[in-house]
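Chemist: My questions all concern the structure below.
The values are calculated or read from the model by the stated rules, or taken from the named source; none is laboratory data. Everything quoted here is computed from the prediction, not taken from an experiment. Positions of Cβ are backbone-derived with ideal geometry, glycine not excepted, and every protein chain shown enters the neighbour counts. When the accessible area is computed, the model is the full protein with side chains, heavy atoms only, and any ligands, DNA or RNA have been set aside. Shrake-Rupley method; radii C 1.70, N 1.55, O 1.52, S 1.80 Å.
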Amino acid sequence: MTSTKESTDFVPIEPRLKRSLIPWAEVVLVFGLLWLFGGWPVPDVNEQYYIGKAIHFWHPEYLPADQFLDTQDSHWFFYATFGIFSFLFSPTALAWFGRLLAWALTAWSWQRLSQTIIDCPWVSVLTAMAFLFYIDVFHLAGEWLVGGVEGKSFAFPLVFLGLAAFLRGQFNRCWIYLGAASAFHVLVGGWTVLACLVCWSVTQLRDGCFLRSLRNMLPGLAVGGFLSLIGLVPAVALDAGTSAQTVREAHRIYVFERLSHHLVPSALSWTFLFRFGLLAMLWICFGRLTLWRRDESEQYKARDRRFDGFVLAAISFAMIGMLFDFGSLFAVRAGWLAHRDFMAGLLRFYWFRLSDWVVPLGTAFGFSLILLQSGKQLFCRHEHGVSEMSEKNEKNEKNEMSGTVGRVIIWLVVGCVVYAIIKSLMWDYSLARAKALTVDPDYPVIPVAVEASAFPAALLITGWIACLFSWLKFRRTGVTLTSSGVCDPIVCCFGLMAFVLVGLAPLDYAANRLNLRCSTVLPRSNPPKESISDGWLDVCRWIADPAHTDPNAVFLVPRGCDSFKWNSHRAMVGAWKEIPQDAASIVKWYRLMEEMYAFPGEKGVQRWNQPLVMVLIAKGRARILQECQKEKIDYIVIENPPYVIASHPEALKRYQEFYDNDLAYQNSQFTVLRIKKSSEQPSN
């Protein structure tokens, strides 16, 4: 007997197809945002480092004379897995293949994470745009999500999948994902594991089910721990067999000399600390208010607690790192300690890497939720019981809704105008200050550098104005936003704040990035001055010709020209960007940097600020020849000397000696010097 009752589970094919296509459309849009923020020309910063290592891993004949490529590999798993594609692609094609693959995985994993936190169509695009904006503009120690291909490009998608599983309570799956992320990049995955473990332990101890939950997730911990060993063991083995004195010196060089801009907060500009602190306070004060939670079920309460705990754990790790740094600095200044070199052993673990992306993550999701909730309160709070209203009440309801919409539009217009005015003022101020600090007033100031000051300042000022006004009205009325008597001005204020934070400012920043993509841009690894980039590429092409230089020749090039190996296919004696990872190689590398690049007689950071041509002139040709013979350098690429040396007879004479005896090639920006072997030198 056939039942005539229609199935309540039946869903027409068209709506089902639409629902299934929306997530993939979100992935495509997020992928476009990743390209917008990270689609710089090849090679990007660090790509010549990591891709060069990956190619050399499978092709030892690739630049065999380059000392850096033969140093120990800390990211062994990335080189082994990604480097195998070097059999199929040229270096440039390999970089683009890695970027596209990493962006696709990141877009897909981000959509999964966003859907876990805010289960609403298209919201992942909004949160992705806000997250990319905040991590790009409000970082503390230089962490980034999209850019050149390296190990963390593939670690972050696994981290997002692991975090989504953690928030859903799927802990076994979480530890496996995070273990795989640690295999690609032990710091990105490892810090995430620690934050999740701290958050999990606190919540389980509070709920009284610590041991039972621990037993249930032992399989995931075992598998994830085994996977993490792939990245952890090579990193731990870097200092094996090295004396304790060499290890301490390597840690000091790594932390205080080379990577202080990532590891030592006291070495950073106060603006970095201030803007990051304000962003963290913004999230703590407003982004985690429980009155904004959209669902009161136990499932979503647990998810929200885990998310808040994860962000707070990341902020706590950053506070511990600052305590180590500023505490030791205070102890030295107070005379309690002679020096703080011992602190390098602690600070080298990148205490701020996690908070640099987690605080933007919390801000993006927290204020996106506020924006959605305020819209719901404004436009949908009279949805229930409409059928029971009389015609008169329905008319009053429509009039009230019309007034609410009008107030929202007014608030949004006011917010846009305030933000635009403040940003314009900050842009003019930053531009004027940059020109004032530049020796040459006509030197073109890079807009990206100005954006780094204008965008965060305008956003924070506008956001905190909205926050202050919202909080004052909230305290004065004493109502909650989930109550039935919500005051529309309060909701408008909070909605305006969220609109500026996750809508207007990120969209404004993305529009500037789109304008940059549509104009002529240069690889960020090229020399910093655009005016000499053409000359740099011309020199590299000349060097790459086997008719001009031996493919096994070793070069000394200016310290900031990181794309030399990529463009010329020749080995370098050393590069500032390419610091090795094992202790013995770090000490050797730093000695080489001091010997070849430090300006004689200068101390501190000033010794690195002179062009290589001035270093050669200061040392003289005889000393340079001795150093090149010692380090087996065949060629030197130098900048053409400034006109000022014409007024210094001794400097002009020393440069003329190089020009007359060693010139191999020259264009309008650079000169190539060929260093003759001892047997080629004329006898006295």
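Chemist: Enumerate the amide H contacts of residue 554 below 5 Å, restricted to partners 5 or more residues apart or on another chain; note that Pro and chain-start residues carry no placed amide H.
Modeler: 634, 635
Chemist: Something else: I need the calculated FRET efficiency for the pair residue 623 and residue 229, taking r as the beta carbon distance and R₀ as 60 Å, to the nearest 0.05. Don't skip to the end; give the middle numbers.
Modeler: Details: r = 48 Å, r/R0 = 0.80.
For residue 623 and residue 229, the calculated efficiency is 0.80.
Chemist: Starting from 0.36 nm per residue, how many nanometres of slack lie between residue 28 and residue 218 once their C-alpha separation is accounted for?
Modeler: Values: separation 190, 0.36 × 190 = 68.40 nm, distance 3.63 nm.
Gain in length upon complete extension: 64.8 nm.
Chemist: Quick one: length gained pulling residue 332 to residue 168 fully straight, 0.36 nm per residue minus the C-alpha distance?
Modeler: On the way: separation 164, 0.36 × 164 = 59.04 nm, distance 4.65 nm.
Computed gain between residue 332 and residue 168 is 54.4 nm.
Chemist: Per residue of the range 98-103, what does 6.51 cos²θ - 1.76 cosθ + 1.60 with θ = phi - 60° give for ³J(HN,Hα)? Whole Hz please, x for Gly and Pro, Karplus curve as stated.
Modeler: x, 4, 4, 5, 5, 5
Chemist: May I ask for the distance between the Cα centers of the range 97-143 and the range 634-650, given as a whole number of Å?
Modeler: The two parts, judged by their Cα centres, are 47 Å apart.
Chemist: Related question: With a 1.4 Å probe and every protein chain left in place, work out the accessible area per residue of the range 50-185 in Å², rounded to a whole number. Walk me through the numbers before you get to the answer.
Modeler: On the way: 4160 Å² over 136 residues.
Each residue of the range 50-185 exposes 31 Å² on average to a 1.4 Å probe.
Chemist: Determine ³J(HN,Hα), in whole Hz, for all residues of the range 216-230 in sequence, where each value follows from phi through the Karplus function 6.51 cos²θ - 1.76 cosθ + 1.60 and θ = phi - 60°; x replaces Gly and Pro.
Modeler: 5, 9, 4, x, x, 5, 5, 5, x, x, 5, 5, 5, 4, 4
Chemist: Please list, in chain and number order, the residues 5+ apart from residue 670 or on another chain whose amide H is under 5 Å from its amide H, with Hs placed from the backbone.
Modeler: 640
Chemist: Still on this model: If we sort 221-228, 187-194 on the protection proxy, mean other Cβ atoms within 10 Å, highest first, what's the order? It would help to have the intermediate numbers written out before the result.
Modeler: On the way: 221-228: 18.4, 187-194: 23.6.
Averaged packing, sorted descending, gives the order 187-194, 221-228.
Chemist: Quick one: work out Rg over Rh on the C-alpha atoms of the range 147-238, Rh as Kirkwood radius.
Modeler: Looking at the range 147-238, the ratio lands at 1.01.
Chemist: Highest mean first, how do 207-216, 506-515 rank when packing is the count of other Cβ atoms within 10 Å averaged over residues? Working shown, then result.
Modeler: Details: 207-216: 11.7, 506-515: 16.6.
Highest to lowest by the protection proxy: 506-515, 207-216.
Chemist: Applying 1/(1 + (r/R0)^6) with R0 = 56 Å to the Cβ-Cβ distance of residue 661 and residue 248, what FRET efficiency is obtained, to the nearest 0.05?
Modeler: Working: r = 43 Å, r/R0 = 0.76.
Given R0 = 56 Å and the Cβ-Cβ separation, E is 0.85.
Chemist: Still on this structure: Could you sort 335-347, 638-650, 560-572 so that the peptide with the highest average Cβ count within 10 Å comes first and the rest follow in order? Walk me through the numbers before you get to the answer.
Modeler: On the way: 335-347: 14.8, 638-650: 13.3, 560-572: 22.4.
Going by the mean number of other Cβ atoms within 10 Å, highest first, we get 560-572, 335-347, 638-650.
Chemist: How much length would be gained if the chain were fully extended between residue 301 and residue 101, taking 0.36 nm per residue of separation minus their Cα-Cα distance, in nm to one decimal? Present the calculation step by step, with values, prior to reporting the outcome.
Modeler: Values: separation 200, 0.36 × 200 = 72.00 nm, distance 3.49 nm.
Working it through step by step, the gained length comes to 68.5 nm.
Chemist: Something else about it: With every protein chain in place, what's the accessible area of residue 594 (1.4 Å probe, Å², nearest 10)?
Modeler: Counting only protein heavy atoms, the figure is 60 Å².
Chemist: While we're here: In nm, to one decimal, how far is the modelled label at residue 89 from the one at residue 236, with both set 7 Å along Cα→Cβ?
Modeler: Label at residue 89, label at residue 236, 3.3 nm between them.
Chemist: Related question: Once ligands and nucleic acids are excluded and a 1.4 Å probe is used, how much of residue 596 is accessible, expressed in Å² to the nearest 10?
Modeler: Using a 1.4 Å probe on the heavy atoms, I get roughly 10 Å².
Chemist: Please compute the per residue accessible area over the range 548-634 with all protein chains in place, 1.4 Å probe, rounded to a whole number of Å².
Modeler: Details: 3280 Å² over 87 residues.
For the range 548-634, the solvent-accessible area averages 38 Å² per residue.
Chemist: To continue, here is another question. For the range 514-646, give the percent of accessible area contributed by carbon and sulfur heavy atoms, probe 1.4 Å, rounded to a whole number.
Modeler: 54
Chemist: Can you give the Rg to Rh ratio for the range 309-357, taking only C-alpha atoms and Rh from Kirkwood?
Modeler: On the way: Rg = 12.4 Å, Rh = 11.5 Å.
A ratio of 1.07.
Chemist: Report ³J(HN,Hα) in whole Hz for each residue of the range 156-171, in order, from the Karplus equation J = 6.51 cos²θ - 1.76 cosθ + 1.60 where θ = phi - 60°; Gly and Pro get x.
Modeler: Karplus values, whole Hz, x for Gly and Pro: 5, x, 5, 5, 5, 5, x, 5, 4, 5, 4, 5, 7, x, 8, 6.
Chemist: If I take the Cα coordinates of the range 554-608 and project them onto the principal axes, what are the three extents in Å, biggest first?
Modeler: Ordered largest first, the range 554-608 gives principal extents of 34, 24, 16 Å.
Chemist: A further question on this structure: Could you compute the FRET efficiency for residue 648 and residue 194, with r as their C-beta to C-beta distance and R0 at 41 Å, rounded to 0.05?
Modeler: Working: r = 56 Å, r/R0 = 1.37.
FRET efficiency, residue 648 to residue 194: 0.15.
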